[in-house]
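Inspection log for the structure reproduced underneath, given as structure tokens.
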Amino acid sequence: MNLMTLQRYKNELILLLALLFMLGAFFYKLSANTYVSENKSFIQKQIFEIMRIEKYKKQWASKGMANKVKVFKSIVPASKVKLYKKKSSKIKLAYVDLSANELNKISNKLLNTPIQIVSLNIKESANNKFTMECSCKW
Amino acid sequence: MVILNLTAKSNNKLLIHRDMKPITLLENSIDIILTPQFYTFIREELELNFSYQAKQIAGSLFDDYLDPNIEYQYHVYKCNNLWCFFAYNIDEIDTFLESIGIEKHRVSKIYFAQQLDTILEEPLLLNEKNILQTVDDVVTIIPKQLMDPNLEYKSLDTSMLSLKGGVTMGSSLNSFISLKETIILSTLFCLLGGVFIVEGGRIKSSIAKEDAQLSQLLDENPRYTSSISRQSILEKYEPINKHERAKRDAIKKISKLLSNQSQLKLLHIEKNKITATISTKNQNINKQVKEHARSKKFKVSGSSLDVKVEKTL
């Protein structure tokens, strides 16, 4: 294509370039749209998963739990604590001769502490007296 | 026929006139100088500052001189204190060039013989019939027979001459699309393009916040980068979360079954099963406890005044 032909069709060329620019911009917008629709849900899923992991870890694998469970030793008079055995991240508890109030107190504390209750046994040993055995871990 | 050789950087210049001999073996681009046979010339004194203004009124200046049925192109430049207007028909020139063997793509620029007015003060012999000479500052074709038969014609040496301005062959031909339409449509396309780019940028930036949050979370916890690792951790904690919540929920529901008339005898949690035995004072209470337990999705059993409730978590 020589210079004369370019001159001859310069209007068409300018228009073609402008059209190509517009089409390029349009495809850029389409690709941005596709990129966002493909990645937004994926990114949000990743964020949701990480935040859930953080939440679970904070709740069920709290690092300060070893100290928090010490309360189960002193929550009722020591004479009623038959067993308090803490080893690593596990604890075994046994109480005897608990009144209804004491049982409620221990139960509420247990339920509100984020530890895994492996087993729980509550028995009425006498009229309004209870024994409680519990095994937990975190 | 006169071929003018200019500097090595310039194209050869060819004076174009009727009755010239065909050109053969033209290999390089050339510039052509049109004789008045191919253009109409007017010189006017006008109060204009710019040539585009002059070009806008060129058509009306030639109204009385040109055939209205033919489309003309115009060229304007300032000559001394006057404006020099040229009207020419590019199709006519094109046809003529083809007839003498000059392909139009070989023509680089078109000049007008008027631009040689000072040089042509002395007559130039075009052919046996015509000469070219400046008369009253206008380059004119004059029949040779009107000249003195003894007059000696000098050859035209333009080796030191440089012609300015000129018209490109291509720009003389009309485009399919007018300049006005080109400007309007190009502006529209560029505006639309701009809008698309801005819109695209806005769309992309819409996930920038989430992207930044994810990057921050991954920087703080690099081991969560792998989806397998994340799934593995979630698979470990989700059952714990589900079962522990279910255990606590079940205990709370059992506690709501207790009252002065219904007391807990036994509560047992083992793995994913919770069992409780509740002793009631009378049949009415027993029935109420059983109904409440059933409504709370417990499996209910038991004889006499004891109610055994159980649920798989």
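Every number in this text was worked out from the coordinates using simple rules, so none of it is lab data. Just so we're clear, the structure is a prediction, and the values are computed from it rather than from any experiment. Please note: Cβ atoms are built from the backbone with ideal geometry, for glycine as well, and neighbour counts cover all protein chains shown.
Side notes on the structure shown:
- Unpaired by the 4.7 Å Cβ criterion, cysteines found in the protein assembly as shown: A:Cys134, A:Cys136, B:Cys190
- Full-extension gain in nm, B:Glu128 to B:Asp63, via 0.36 nm per residue minus C-alpha separation: 20.0 nm
- Annotation: amide H-H contacts under 5 Å for B:Ile33 (H modelled 1.01 Å from N, sequence separation of 5 or more, or interchain): B:Leu14, B:Leu15, B:Ile16, B:Tyr111.
- Legend: P(r) of region A:65-137 from all alpha carbon pair distances, 10 Å bins from 0, whole percents, reading 20, 60, 19, 1.
- Calculated P(r) of chain B - Cα pairs past 29 Å, %: 65
- Taken one residue at a time, the phi angles of region B:84-91 give Karplus couplings (6.51, -1.76, 1.60, θ = phi - 60°) of 9, 10, 10, 10, 8, 10, 5, 5 Hz. Gly and Pro are set to x.
- The H on the amide N of B:Asn130, modeled in the peptide plane, is under 5 Å from the matching H of B:Lys144, each at least 5 residues off or on a different chain.
- Label-point separation, B:Ile142 to A:Thr113 (7 Å along Cα→Cβ), nm: 12.6
- Sites listed here are trypsin sites (Lys or Arg not before Pro) in region B:222-313 whose DSSP assignment is loop and whose Cβ has at most 12 other Cβ atoms within 10 Å: B:Lys256, B:Lys271, B:Lys297.
- Ordered from longest to shortest, the equivalent ellipsoid semi-axes for region A:3-60 are 54, 7, 5 Å, each the square root of 5 times a Cα gyration tensor eigenvalue.
- Cα-based shape type of chain A, given that a ≥ b ≥ c are square roots of the gyration tensor eigenvalues and the cut on a/c is 1.5: prolate
- Rounded to the nearest 20, the size of the Cβ-charge dipole of chain B about its Cα centre is 6300 debye, with Lys and Arg at +1 and Asp and Glu at -1.
- Among A:Met65, A:Met132, a tally of other beta-carbon atoms within 10 Å of each Cβ gives an order, fewest to most, of A:Met65, A:Met132.
- Simple label model, 7 Å out from Cα along Cβ direction - B:Asn49 to B:Ser295, nm: 9.4
- The Rg/Rh ratio for the protein assembly as shown, using Cα coordinates for both the radius of gyration and the Kirkwood hydrodynamic radius, is 1.58.
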